[in-house]
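K.L.:
Sharing a structure below in structure tokens format, with a few things to ask.
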Amino acid sequence: MVRPCFLVIDREYAGSISTRKLVIETAKLNVITAYSAKEAIETLERFPKVDGVVLDAGVRDMSCCDLIAHIKGFLPALPIITISAPGTHDCPQADHQLESFDPARLLLLLRKLQPEESADIEVRNEDLSEKY
């Protein structure tokens, strides 16, 4: 089984790691994390086979629209999910938009992007629960 892998582009705070990364990994999906637009672009150039991008619309070093345009310029089919503050639509070019960070809604959306792989993960979890 190959687990889906997502690039999470999150704002960096001193002494912390991405909460989104932790939520996604808890669902047994793989995550690569970038803490700036520049780092995200460099990471995607190095690892272009991710299954999608989860983008904090408040990334500081580039506008959300410009970052999405850059990513779509070299990976046009890559699904991009933006997470923004309630009532704002900072990135209409995104394939999917979530207002605020609702972990359950994010995981549901990621599973819809990779339904077969997600189903395999659920079956594996059930098998593990029965064995242990």
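The values are calculated or read from the model by the stated rules, or taken from the named source; none is laboratory data. Only a predicted model underlies this, so the values are computations on that prediction, with no experimental measurement involved. Backbone-built Cβ (ideal geometry, glycine too); neighbour counts: all protein chains shown.
K.L.:
Condition first: in a strand (DSSP E or B) and either β-branched (Val, Ile, Thr) or closer than 26 Å to residue 2 by Cβ (or both). Now tell me which residues in region 47-97 satisfy that. Even if it seems obvious, please write down each step before you answer.
P.N.:
Let us first name the residues in region 47-97 that are in a strand (DSSP E or B), namely 52-56, 80-84, 96-97.
Across region 47-97, the qualifying residues are 52, 53, 54, 55, 80, 81, 82, 83, 96.
K.L.:
Right, here's the next one. Starting from residues that are among the small types (Gly, Ala, Ser) and closer than 16 Å to residue 81 by Cβ, keep the ones in region 18-67 and report whichever is surrounded by the most Cβ atoms within 10 Å (Cβ to Cβ). Explain how you work it out, then say what you get.
P.N.:
Initial filter on region 18-67 (among the small types (Gly, Ala, Ser)): 18, 27, 34, 36-37, 40, 52, 57-58, 63.
Of the ones still in play, those that are also closer than 16 Å to residue 81 by Cβ are 18, 27, 34, 37, 40, 52, 57-58.
On the way: 18: 21, 27: 18, 34: 21, 37: 21, 40: 25, 52: 21, 57: 23, 58: 14.
Of everything passing the filter in region 18-67, 40 is surrounded by the most Cβ atoms within 10 Å (Cβ to Cβ).
K.L.:
With respect to residue 104, determine if the residue is part of a loop (DSSP other than H, G, I, E, B), modelled with pLDDT of 90 or more and loosely packed, with under 13 Cβ neighbours inside 10 Å. Working first, answer last.
P.N.:
On the way: part of a loop (DSSP other than H, G, I, E, B): no; modelled with pLDDT of 90 or more: yes; loosely packed, with under 13 Cβ neighbours inside 10 Å: yes.
Here the answer is no, as residue 104 does not meet what is asked.
K.L.:
Are there any pairs, at least 6 apart or on different chains, whose C-beta atoms fall under 9 Å, with the first in region 88-117 and at positive phi and the second surrounded by fewer than 17 Cβ atoms within 10 Å (Cβ to Cβ) and not aliphatic (A, V, I, L, M), and if so, which?
P.N.:
100/86
K.L.:
Pairs needed: first member in region 24-42, within 22 Å of residue 113 (Cβ to Cβ) and in a loop (DSSP other than H, G, I, E, B); second member anywhere, among the aliphatic types (A, V, I, L, M) and at pLDDT below 95; C-beta distance under 6 Å; at least 6 residues apart or different chains.
P.N.:
27/107; 28/121
K.L.:
Then there is this: Specify which of the listed residues (26, 43, 19, 33) is of a type in the set (Ser, Thr, Tyr) and touching a helix residue (DSSP H, G or I) at 6+ places or on another chain (Cβ under 7 Å). Break it down stepwise before answering.
P.N.:
Details: 26 fails: touching a helix residue (DSSP H, G or I) at 6+ places or on another chain (Cβ under 7 Å); 43 fails: touching a helix residue (DSSP H, G or I) at 6+ places or on another chain (Cβ under 7 Å); 19 fails: touching a helix residue (DSSP H, G or I) at 6+ places or on another chain (Cβ under 7 Å).
None of the others qualify; the one that does is 33.
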